[in-house]
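Asks: Could you have a look at this structure, given as structure tokens, before my questions?
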Amino acid sequence: MTTYTDLFVVPVPTKNIKAYRKQAELFVAVWLEHGALSCVEVEADDAPAGKVTSFPQSVDLKPGETVFVGIMTYHSRAHRDEVSAKAMQDPRMAGMMDPKSMPFDGQRMFFGGFKPFVGQPAVAAPAIQPYLFFRGRCEEAIRFYKTALGAEVLMMMRFKDNPDEPGPDKVPAEFNDRIMHASLRIAGSDIMMSDGMKSGALDFQCMSLSLSVPNEVEADRLFNALAKDGTVQMPLGTTFFSPRFGAVTDTFGVAWMIIVQPTT
């Protein structure tokens, strides 16, 4: 998953930390509301001054001041530009940008955007995640979602790979090559799946996965890929809540709602 990161470093007088906290809480809320993947500010705790350079030296830290660092993440630089433009137009930001009301010296603040280089950012698992059971067709489904949606396989384990070795009395031998557990990442979100312990026809009639995409072109591409050998429930079109929305059931019977989030 590609993630673009913005960083800013700012010196805050200790006497103004309470006021700065209030401003920072509003800043975080605004950026998240306008689409940032994450937004957090951290306070220097073990950042001593160096002989050549350091965090304190970078902002010309004065006595009675503390260094704070802001970290915001986005899907890409283009996404960063989009979110920042919306956030800066938010009426709540007007008071923050007035130098007279800033609880710190804005002239000693510095910031920049950083693109990925090595590794992947940590992604906290949400409290609730979809878990789909394919009753013997899980491996086929994984291949399909890799092709249709560009899914990334994070892990895949077969029943025969279970280190607990439950034995044939608990897991029939014919299940050995079935998928016990798999995790896919699709458009930045993780979906778990398995063949489960049942066979027979698939039934996903009481659920649907909603997939948000950045534009109409991407909506058309993914919708058509899912609709191949599937069933269109609601053709893609303009609605009061989205410039492009449609519902489709794929070849496995999994229901999807493809939506382009409105820009205003």
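Asks: Under the rule a/c < 1.5 gives rounded, and otherwise a/b versus b/c splits prolate from oblate, where does region 4-114 land using the Cα gyration tensor?
Replies: Numbers: a/c = 2.16, a/b = 1.42, b/c = 1.53.
Oblate, since a/c reaches 1.5 and b/c is not below a/b.
Asks: Take the alpha-carbon centre of region 1-58, take the same for region 198-264, and report the distance between them in whole Å.
Replies: Each part's Cα centre sits 39 Å from the other's.
Asks: Charges only on Cβ, +1 for Lys and Arg, -1 for Asp and Glu: so what's the dipole of region 192-264 about the Cα centre, in debye to the nearest 20? Intermediate values should be presented prior to the final figure.
Replies: Details: 4 positive and 7 negative charges, 15 e Å.
The dipole magnitude comes to about 80 debye.
Asks: Calculate, in nm to one decimal, what Ser58 and Thr239 gain on full extension: separation in residues at 0.36 nm each, minus their alpha carbon distance. Write out the running numbers ahead of the final one.
Replies: Details: separation 181, 0.36 × 181 = 65.16 nm, distance 4.99 nm.
Additional length available on full extension: 60.2 nm.
Asks: Give me the net charge of Asp90's neighbourhood, meaning all other residues with Cβ under 14 Å from the Cβ of Asp90; Lys, Arg count +1, Asp, Glu -1. Write down the numbers at each step before the final one.
Replies: Details: positive: Lys86, Arg92; negative: Glu33, Glu82.
Surrounding charge for Asp90 is 0.
Asks: Here's another thing I want to ask about it. Where does the charge balance sit around Val153 when Lys and Arg score +1, Asp and Glu -1, over other residues with C-beta under 14 Å from its C-beta? All intermediate terms of the calculation are to be shown ahead of the outcome.
Replies: Details: positive: Arg143, Lys146, Arg158, Arg185; negative: Glu139, Glu140, Glu152, Asp190.
Taking every Cβ under 14 Å from that of Val153, the sum is 0.
Asks: Fewest first, what order do Leu202, Leu184 take by the number of other Cβ atoms within 10 Å?
Replies: Numbers: Leu202 17, Leu184 21.
So the residues, fewest neighbours to most, are Leu202, Leu184.
Asks: Calculate the dipole size of region 127-201 relative to its Cα centre from +1 charges on Lys and Arg beta carbons and -1 charges on Asp and Glu beta carbons; express the result in debye to the nearest 20.
Replies: Working: 10 positive and 11 negative charges, 53 e Å.
Charge dipole of region 127-201: 260 debye, to the nearest 20.
Asks: Testing the spin-label approximation: label points 7 Å from Cα along Cα→Cβ at Leu154 and Asp177. State their distance in nm.
Replies: Output for this residue pair reads 2.8 nm.
Asks: Further question: Taking 0.36 nm per residue of separation and subtracting the Cα-Cα distance, what length does fully extending Asp203 through Glu140 add? Provide the component values of the computation, followed by the final result.
Replies: Details: separation 63, 0.36 × 63 = 22.68 nm, distance 1.60 nm.
Value of the extension gain: 21.1 nm.
Read the figures in this text as sums done on the coordinates, not as results from a lab. The structure presented is a predicted model; accordingly, all values stated were derived computationally and were not measured. Glycine also receives a Cβ, built like all others from the backbone with ideal geometry; neighbour counts cover every protein chain displayed.
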